[in-house]
Structure formats: structure tokens, C-alpha cells
1. Please count how many residues of segment 43-60 are touching a helix residue (DSSP H, G or I) at 6+ places or on another chain (Cβ under 8 Å) and away from ligand 1 (no atom under 15 Å from the Cβ).
2. Between a first residue in segment 1-19 that is assigned by TED's automatic domain parsing to the domain that holds Ala105 and free of Cβ contacts under 8 Å to residues at least 60 places away in the same chain and a second residue that is open to solvent by 30 Å² or more (accessible area, probe 1.4 Å) and among the basic types (Lys, Arg), which pairs have beta carbons less than 7 Å apart while being 6 or more apart in sequence or on different chains?
3. Is it the case, given these coordinates, that Arg259 is under 21 Å from Gln155 (Cα atoms) and either assigned to a loop (DSSP other than H, G, I, E, B) or polar (S, T, N, Q) (or both)?
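The values are calculated or read from the model by the stated rules, or taken from the named source; none is laboratory data. A quick note: this is a predicted structure, and the numbers were derived from the prediction, not measured. Reconstructed Cβ throughout: ideal geometry from the backbone, glycine too, with neighbour counts over all protein chains shown. Accessible surface areas use protein heavy atoms only, side chains included; no ligands, DNA or RNA. Shrake-Rupley method; radii C 1.70, N 1.55, O 1.52, S 1.80 Å.
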Amino acid sequence: MSEELVRLARQVGREAASLVRARRPEGRVDVTATKSSPTDVVTAVDTASEELIRSRLLGERPDDGFLGEEGDGIEGASGVVWVVDPIDGTVNFVYGIPAYAVSIAARVDGVVRAAYVTNVASGEEWGAVRGAGSWRWVADERRALTPQPVAELSQALVGTGFSYSREVREKQAAAVGRLLPQVRDVRRIGAAALDLCSLAEGRLDAYVEQGLKPWDVAAGGLVAHEAGIVVTGLDGAPDERLVMATHHALAEEYFEVVRACGF
Ligand code: IPD
Ligand code: CA
């Protein structure tokens, strides 16, 4: 069944990516609303992308549930819930920075089983099926993602991000300040799904972020996990409190350092 779910996720995700691409004008995009804070923006294209994804997925599978960033959730009756970010990296989308994604995951009885992420600007696509690996698509060919050679912690390039809440940001900035001297450098790319796929690709060595929602992490988290990355939270499963991820060989040391930095 997971194969069928990933096939549908890709079909619908590509259609949504085309919509997002076509509706991005030159220059700066208009912001239609703000959510949790004045810097947490939503555009008409986020809403249109989510409506398209929801109608296509539930058109094919009417008994499924749906959890998207922009609209109301639907519980569903099939045991499958689609967890969707219609644009991950909305601020990049607004400014025209080419790192924003469509992210679609299928959760089956509470466990993410299938995942699809595409960087709308570059056209790159990643997929994963739990227990069957993760890959990058090159046209229709699946190129498996495998663990990359591991740097020492002092050589690790760490992806991170900041919450939209001022109070949380202050704490995150202080924690990142403590982490920075212990690693190669940090990157704040601006789209959590792409950070996690980058980790799976070997474009980052580690990742840490607080305040992520399920749609930010569901698909990218499975792509990373299936590429041999440990994705975890403060005391077990990754959650809004903390998501941290790295290679097995670095995991124990890195997670300890992240905790000690006060994340
Ligand atoms: C955001 C991005 C960003 C992360 C934020 C997320 P959005 O998602 O993933 O990298 O730092 O925490 O909210 O709002 O662009 O969908
Ligand atoms: Ca979003």
C-alpha cells in the first residue's frame, strides 16, 4: 500500500508544485495574512496549493484524513492521514529565494509510511517508503540515498531554523550561539523539509530545530530516516519541542551537545 501512497503523493505534489511555480510573479509576492506572529506569513498561493492537494488526494481516496498547515483537519476513516505543507519555506517563496517545497506524507495508523518532497524552484524531488529506503528522483529513476561519510562533530555543517515567536527565538539564538563554536558552521535555509532532505543527501551533517509542526517534519523526516539518519526529539520521538537529527556515528555525541547548549 505504501508504494501506492507514494505514487499518489508524487502525482499530486508535482501538480501542486506546477501551480506554485506558475503563480509566483516576478519580484516580491503579496502576503495575504499572518498567523502566529507578524513574521509568520501566508500567501494566496499557500492556500491554493493546499486546496489543490486536498481535493486531489481525497478525490482519489475519499475515506482518508487530512492535516494541512493552512486549512481545517479531516479525521477520515481509513487509517490513512495525509500530512501536508503546501509551501514549506513561505518566506523564501515571498522573497524569491529558491528554497521552498511542497511536502506530502502519508501517516498510516499514526506512523509515517510514505513521503514526497519537491523543491519547487529547482524541481528536485525526494521520496521514501518506510522500510524500503529513500531516494532522489532523476526523471522517473529512483536513485537511492545512502549514509554519507561522517565528519567529526567539529567539522559538521548543521542546519537549523528559528521559530516565528520572539520569546522562543531569543532562546534559540542563545542555544545556536553555544553550538556554533563546536561545529563547522550553521545554515538557516528556511524550509525544514529541505533541511531534512539535504541531510539525507549529505548536503548537511546534522540538524536541530524547535517549534516545528507535524507538516514541517513528516515527509522530510522519513526521507532522512530511510537514508540512515537518526531523527529524534528530546526524549524520544521528534516533536514541536525539539527535532534533532544526524548520522548514527555522530548521534550520541551530537545529541548530548545539543542538550547541553540548552535547546
Ligand atoms: C517554516 C520553515 C522554516 C522553519 C519554520 C517553519 P513554513 O515553515 O520550515 O525553515 O524554520 O519553523 O515554520 O512556515 O515556511 O511552512
Ligand atoms: Ca507552510
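1. Residues that pass the stated criteria total 4.
2. Glu15/Arg56
3. On the way: under 21 Å from Gln155 (Cα atoms): yes; either assigned to a loop (DSSP other than H, G, I, E, B) or polar (S, T, N, Q) (or both): no.
When the stated conditions are applied, Arg259 does not pass them.
Condition check ((1) of a type in the set (Asp, Glu); (2) open to solvent by 40 Å² or more (accessible area, probe 1.4 Å); (3) in contact with a Gly (Cβ under 8 Å, 6 or more places away or on another chain)) across all residues:
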residue	(1), (2), (3)
Gly228	no, no, no
Leu234	no, yes, no
Arg241	no, yes, yes
His247	no, no, yes
Tyr254	no, no, no
Cys261	no, no, no
